[in-house]
Amino acid sequence: MSLIPRLASLRSVTRRYRNCINGNGKQSRLFSTAVEPPIDYFEVIGIQRTFETSPEELKQLYREKMKEMHPDKHTLKPLEERELVAEKTSEMTMAYNMLKDDYERALHLLELKGHPIEDNLSGNILGAEFLMQVMSIREEVEESKSNEDLSRQLQENKIRISEAVEDLAAAFDQDDFHKAKCAAVSLNYWKRIEETVKDKMTSVP
């Protein structure tokens, strides 16, 4: 990505999350500490620890690792080694499923950076205006009577998801973990709306 688009992206992050607050109406730093270091799934799968990852590279690495750990290649090894391979296979699959998902990857990266999203963190971090927007969109989805309307809403929501992903990349580039949390929370809302729209599409004639 060139410098100019990235700067534009950073400005959009600032604009979208200028009201990103905590419950007291103040800018929230949302720091948290972990008792022990979490598993680094970037390291497990062998990819650089960064939010912007190549889906193709991730899939290729996963397939190569799984091929190496295929049970047929370890049938003659001692039981202890076979069990270890099985554990690593499970860990590798968990790593792949986590890192291929933008939201889960963001949560994991925040945790590795020492700024995990707290379990009790809610949409309040984004402010009342954002929550009102989400409520309005949900009402529009519920009131939709045709798949044509729902398809339009799905496309509009894809733009919101894309913007949130861009905001996450920009925030992580700047080590701005507060805005990264805000973007992650917003992405979670948009992904839930996407699920709601798709579910609605199955029930509308």
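The values are calculated or read from the model by the stated rules, or taken from the named source; none is laboratory data. Given the structure is predicted, the values throughout are model-derived calculations rather than measurements. Here Cβ is always computed from backbone atoms with ideal geometry, including for glycine, and neighbour counts include all displayed protein chains. Only protein heavy atoms, including side chains, enter the accessible area calculation; ligands, DNA and RNA are left aside. Shrake-Rupley method; radii C 1.70, N 1.55, O 1.52, S 1.80 Å.
Within the range 23-50, how many residues are at pLDDT 55 or above and open to solvent by 70 Å² or more (accessible area, probe 1.4 Å)?
To start, the set of residues in the range 23-50 that are at pLDDT 55 or above comprises 35-50.
Filter once more, so that each one left must be open to solvent by 70 Å² or more (accessible area, probe 1.4 Å): 35-37, 39, 43, 48-49.
So the count comes out to 7.
Let's see how each residue does on (1) under 28 Å from the mean Cα position of the chain (by Cα); (2) surrounded by 14 or more Cβ atoms within 10 Å (Cβ to Cβ); (3) at pLDDT 95 or above; (4) not small (G, A, S):
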{"residue": "M69", "(1), (2), (3), (4)": "yes, yes, no, yes"}
{"residue": "K73", "(1), (2), (3), (4)": "no, no, no, yes"}
{"residue": "K77", "(1), (2), (3), (4)": "no, no, no, yes"}
{"residue": "E81", "(1), (2), (3), (4)": "no, no, no, yes"}
{"residue": "A86", "(1), (2), (3), (4)": "yes, no, no, no"}
{"residue": "S90", "(1), (2), (3), (4)": "yes, no, no, no"}
{"residue": "Y96", "(1), (2), (3), (4)": "yes, yes, yes, yes"}
{"residue": "Y103", "(1), (2), (3), (4)": "yes, yes, yes, yes"}
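Output the residues belonging to the range 168-196 that are over 20 Å from A128 (Cα atoms) and either of a type in the set (S, T, Y) or not in a loop (DSSP other than H, G, I, E, B) (or both).
First, pick out the residues of the range 168-196 that are over 20 Å from A128 (Cα atoms): 168-177, 194-196.
Correct list: L168, A169, A170, A171, F172, D173, F177, E194, E195, T196.
In the list E142, E148, which residue meets the criterion of being open to solvent by 30 Å² or more (accessible area, probe 1.4 Å), more than 26 Å from P55 (Cα to Cα), free of Cβ contacts under 8 Å to residues at least 24 places away in the same chain and in a helix (DSSP H, G or I)?
Working: E142 fails: free of Cβ contacts under 8 Å to residues at least 24 places away in the same chain.
Just one listed residue meets the conditions, E148.
Among (1) open to solvent by 20 Å² or more (accessible area, probe 1.4 Å); (2) in contact with a helix residue (DSSP H, G or I) (Cβ under 6 Å, 6 or more places away or on another chain), where does I193 come up short?
Failing condition for I193: (1).
I'd like to verify a number: residues in the range 86-108 that are in a helix (DSSP H, G or I) and within 13 Å of V165 (Cβ to Cβ), how many? Before you say what the answer is, go through the steps one by one.
Taking the range 86-108 and keeping what is in a helix (DSSP H, G or I), we get 86-99, 102-108.
Applying the additional criterion that residues be within 13 Å of V165 (Cβ to Cβ) yields 102-106.
Of the residues in the range 86-108, 5 are in a helix (DSSP H, G or I) and within 13 Å of V165 (Cβ to Cβ).
Within the range 51-67, restricting attention to residues that are closer than 22 Å to A170 by Cβ and among the hydrophobic types (A, V, I, L, M, F, W, C), which residue is nearest to the chain's Cα centre (by Cα)?
This residue is F51.
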